[in-house]
Amino acid sequence: TFGYRMIPVNPAAAGETIHGEMCYAHLTDIPDSIDMVDVLRRPTHVDPIVDETIACGAEMLWMQLGVVHEAAARRAQAAGLTVIMDRCTSREYRRLMPPLPA
């Protein structure tokens, strides 16, 4: 987690606690502000996630390795979001950030 809080979103698990965090059915159900939405779904599921990402006021949409949806990315960018596509957050963090002190 690299010191970041991750809030799970999954309609099938809404109301459950996952890794110590309440799981929500939709991004718009989360009562806290959201900096980044990390998408680990098939590209065919990205459009409604973009709608919710825009609606919840997130700053960034990150689509994991293998998640490529050009039209959704353009729509998110047009709404002012930073969009990263087909990249692994963990790999990019390790590549860009200095090692943590021991």
Checklist line | Pairwise label distance in nanometres, residue 45 with residue 17, each label 7 Å out on the Cα-Cβ vector | finding: 2.5 nm
Check: If ligands, DNA and RNA are left out, what is the accessible area of residue 89 with a 1.4 Å probe, given in Å² to the nearest 10?
Finding: 40 Å²
Next item on the list: Quick one: which residues, 5 or more positions from residue 18 or on another chain, have an amide H under 5 Å from its amide H? H modelled 1.01 Å from N in the peptide plane, none for Pro or chain starts.
Entry: 23
Next item on the list: Just reorder 22, 6, 85 by solvent-accessible area, largest first, 1.4 Å probe, all chains present.
Entry: 6, 22, 85
Next item on the list: Could you work out how far apart the two model spin labels at residue 92 and residue 68 are, taking each label as a point 7 Å from the Cα in the direction of the beta carbon, and quote it in nm?
Entry: 1.6 nm
Next item on the list: Could you give me the percent of Cα pairs per 5 Å distance bin for the chain, shortest bin first, beginning at zero and ending with the bin that holds the maximum distance?
Entry: 2, 12, 21, 23, 20, 13, 5, 2, 0
Item checked: Label-zone membership for segment 24-66, site residue 82, 7 angstrom Cα→C-beta point, backbone N under 14 Å -> 35-38, 58-63
Notebook entry, point to check: Using a simple charge model, +1 on the beta-carbon of Lys and Arg, -1 on the beta-carbon of Asp and Glu, nothing else, what dipole does the chain show about its Cα centre, in debye to the nearest 20?
Noted result: 440 debye
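The values are calculated or read from the model by the stated rules, or taken from the named source; none is laboratory data. The shown structure was predicted, so the numbers you read here are calculated from the model rather than taken from an experiment. Note that we place each Cβ from the backbone using ideal geometry, even for glycine, and neighbour counts take in every protein chain shown. Quick note on the areas: whole protein, heavy atoms, side chains included, nothing else; ligands and nucleic acids left out. Shrake-Rupley method; radii C 1.70, N 1.55, O 1.52, S 1.80 Å.
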